[in-house]
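Have a look at the structure below before the remarks.
The values are calculated or read from the model by the stated rules, or taken from the named source; none is laboratory data. The model shown is predicted, which means the values in this text are computed figures rather than measured ones. Here the Cβ is made from the backbone with ideal geometry for all residues, glycine too, and neighbour counts use every protein chain on show.
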Amino acid sequence: MATEILMPELGESVHEGTVSRWLKQVGDFVKEDEPVVEIMTDKVNTELGAPASGTLVKILIPEGGDVAVFATMGVIEEDAELAKQMLAGEVSAEAPAAPAASNGTPAPAETPAAKEEAPAASADNGERMWFSPLVRAMAKEHGLSEGELRSIAGSGAGGRVNKKDVEGYLKNRGSKPSAAPTAAPSMPQVKPVEPTTAGDGQELIALTGMRKMIAEAMVRSHAVPTVSTLIEVDVTNMVEFRSRNKDAFQQQYGVKLTYTPFLIKALTECLQDFPFLNSALMPDNQIVVNKGVQLGVAVSLGEKGEGGLIVPVIRDTHKKDLVAIAKDLEEIAAKARGNKLGVEDVKGGTFTLTNPGSYGATLGTPMISAPQSGILGTYGIVQRPVIIDGMIAIRSMMNVVLTYDHRLVDGLMAGRFLQAFKQKIEAFAFFK
């Protein structure tokens, strides 16, 4: 019996991934649940286990290839003799067929991909057109009608419409005057991308893997209308407290005391007071208001941060004290450094905190992770003179920037949110 290796769902809003590495090759024997392929998305790298024991007889998506959720990446044959025939080319290595229908006629194979993909109306030649979940999601996001979707020329296997086809159509959409109501819809002419050539002293590097996934996620987030608002926070009390207590804290609780747990605690309290900052606007214009806070925290990936940044999630920060938050933060940072984060570690975030100040940045405008409605950026702490009650004092100051989805959050709400965060940090009443 042949078993398909399918691309699973690896988190909210993840419609596709990239096959970064096949851990087994065609002809290799694999055991059930043994890692067989490594998948990369904008959220995480993960190894997928084999769905059955047998011989890997076919690889459909090569390394570096994109794959939609629920699509077939390879085929495992459990019968050893049949696997030999497939590898020898005597039998086709196809996906398993579905059981026969009740009338005795074999039913067509039904895979999760087929269940997920909805058939479009019949094309002009009478055949059904099928669209992947990613294409369907993009059509819904950009308001493409069924007719528009069917009018797009597909460049995928068998003429299937893929992500690049939809992007090309959207780029050219509206660039030409609309045809008269009686005229037949014309096929958009997508201008091919000219290949890049390297000049003297230049080198070409393909955008692949994690960097490619991040780039695509940022493009999706860039489509959201956002605004950034800045506030300046006096963190002198926090700096002095940490300086006095960091050694005792580590000795008592076995974890380093950094500034981030204080920022997380204050941020969590503010998110409960301003629930629209802890919400998400979905494609059907429904607002998901999260009662609890599942806080994504940007951390470096790899021992020296060579893998860029990733955003694992600290669960239920609204239920935790500073010590628990500090322990969770150290745990996810260690997993990120060791490239040991799993899918569950990066799923379900409701808001994001990023701390560019940890590497010296003093100001910036962070980008939200759609569909989250906000992200808070905390920047480098700098000592400088400030005026307090008409007198000059040297204080530790930090810039804090809130970027938010302007469809859900207006400037007044953002300003009040930042003022609340500022007051909590400056009052520093966490232990009272």
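For the residues Arg384, Arg395, Arg416, the requirement of being in a helix (DSSP H, G or I) and either of a type outside the set (Asp, Glu) or under 18 Å from Val224 (Cα atoms) (or both) singles out Arg416. Is region 245-256 home to any residue that is at pLDDT 95 or above, out of contact with any Gly (no Cβ under 7 Å at 6 or more places or on another chain) and surrounded by 13 or more Cβ atoms within 10 Å (Cβ to Cβ)? Checked region 245-256: no residue is at pLDDT 95 or above, out of contact with any Gly (no Cβ under 7 Å at 6 or more places or on another chain) and surrounded by 13 or more Cβ atoms within 10 Å (Cβ to Cβ).
Would you be able to tell me the number of residues in region 398-413 that are among the aliphatic types (A, V, I, L, M) and in a loop (DSSP other than H, G, I, E, B)? Outline the logic, then answer.
Just the residues of region 398-413 that are among the aliphatic types (A, V, I, L, M), to begin with: 398, 400-402, 408-409, 412-413.
Imposing the further condition that a residue be in a loop (DSSP other than H, G, I, E, B) reduces the set to 408-409.
Of the residues in that region, 2 qualify.
Can you pull out every residue in region 368-394 that is closer than 24 Å to Val235 by Cα and buried (at least 16 other Cβ atoms within 10 Å of the Cβ)? It would help to see each step written out before you state the result.
Within region 368-394, the subset closer than 24 Å to Val235 by Cα is 374-394.
Within region 368-394, Gly374, Ile375, Leu376, Gly377, Thr378, Tyr379, Gly380, Ile381 qualify.
Report, by residue number, each residue of region 332-368 that is among the polar types (S, T, N, Q) and at pLDDT 90 or above. Thr350, Thr352, Thr354, Asn355, Thr362, Thr365 - these are the residues of region 332-368 that are among the polar types (S, T, N, Q) and at pLDDT 90 or above. Out of curiosity, is Gly349 in a helix (DSSP H, G or I), crowded, with 19+ Cβ neighbours inside 10 Å and out of contact with any helix residue (DSSP H, G or I) (no Cβ under 9 Å at 6 or more places or on another chain)? Answer is no for this residue. Evaluate the following for Leu277: is it within 30 Å of Lys140 (Cα to Cα) and in contact with a Gly (Cβ under 8 Å, 6 or more places away or on another chain)? The answer is yes for Leu277.
Could you pull out the residue among Ala80, Ala52 that is exposed (fewer than 14 other Cβ atoms within 10 Å of the Cβ) and out of contact with any Pro (no Cβ under 9 Å at 6 or more places or on another chain)?
Numbers: Ala52 fails: exposed (fewer than 14 other Cβ atoms within 10 Å of the Cβ).
Among Ala80, Ala52, only Ala80 is exposed (fewer than 14 other Cβ atoms within 10 Å of the Cβ) and out of contact with any Pro (no Cβ under 9 Å at 6 or more places or on another chain).
For region 211-303, which strands (runs of 3 or more DSSP E) that fit wholly inside it have 3 or more residues that are out of contact with any His (no Cβ under 8 Å at 6 or more places or on another chain) and either more than 29 Å from Leu341 (Cα to Cα) or free of Cβ contacts under 8 Å to residues at least 12 places away in the same chain (or both)? Step through it out loud before you land on a result.
Numbers: elements: 226-234, 279-281, 287-289, 295-297.
The strands (runs of 3 or more DSSP E) meeting that bar are 226-234.
The condition (being under 24 Å from Phe249 (Cβ atoms) and either among the hydroxyl-bearing types (Ser, Thr, Tyr) or assigned by TED's automatic domain parsing to the domain that holds Phe241 (or both)) is satisfied by just one residue among Leu363, Leu412, Leu322: Leu322.
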